[in-house]
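Worksheet for the structure shown next.
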Amino acid sequence: MPTTDYTQALHQETDQTPKEYLGALLNIVHTFRESVSLPSPSDSVEQALKETLSGETHEISTLWGGIDAD
């Protein structure tokens, strides 16, 4: 299904949703989008730098705690 078909289908579903539920639907769509979106590489590097400079670091030996190499 081409993107425009998805867009059209999403619009049709939205149009058929009772107005009192549109806020909940928006919340669901927003939460879904955030859960599948990855931050840009520059955002990731910037966040890592901020965490490092503020001391939010972990000993490397603790990063794989509880993982068995068997």
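Values quoted throughout were computed directly from the atomic coordinates according to the rules given, and no laboratory measurement underlies them. A quick note: this is a predicted structure, and the numbers were derived from the prediction, not measured. Cβ: placed from backbone, ideal geometry, glycine included. Neighbour counts: every protein chain shown.
Whole-Hz Karplus values for the range 20-26 come out as 5, 9, 5, x, 5, 4, 4 Hz, taken residue by residue from phi with 6.51 cos²θ - 1.76 cosθ + 1.60 and θ = phi - 60°; glycine and proline positions read x. From most to least packed by mean Cβ count within 10 Å, the peptides 52-65, 4-17 give 4-17, 52-65. Values of log10 I(q)/I(0) for the chain across q = 0.26 Å⁻¹ run -1.17, by the Debye formula with one identical scatterer at each alpha carbon and no solvent.
I'd like the orientation of helix 3-16 relative to the chain: the angle between its Cα long axis and the longest Cα principal axis, in ° from 0 to 90, rounded to 10. For 3-16 against the chain, the angle is about 70 degrees.
Available extension along the chain between GLU56 and ASP5 is 13.9 nm, counting 0.36 nm per residue and deducting the alpha carbon span.
The alpha-carbon atoms of the range 13-52 define a convex hull whose volume equals 84 cubic angstrom per residue.
Helix 41-53 and the longest principal axis of the C-alpha atoms of the chain enclose an angle of approximately 40°.
A simple spin-label model places the labels of LEU63 and GLU20 5.2 nm from each other, with each point 7 Å out along Cα-to-Cβ.
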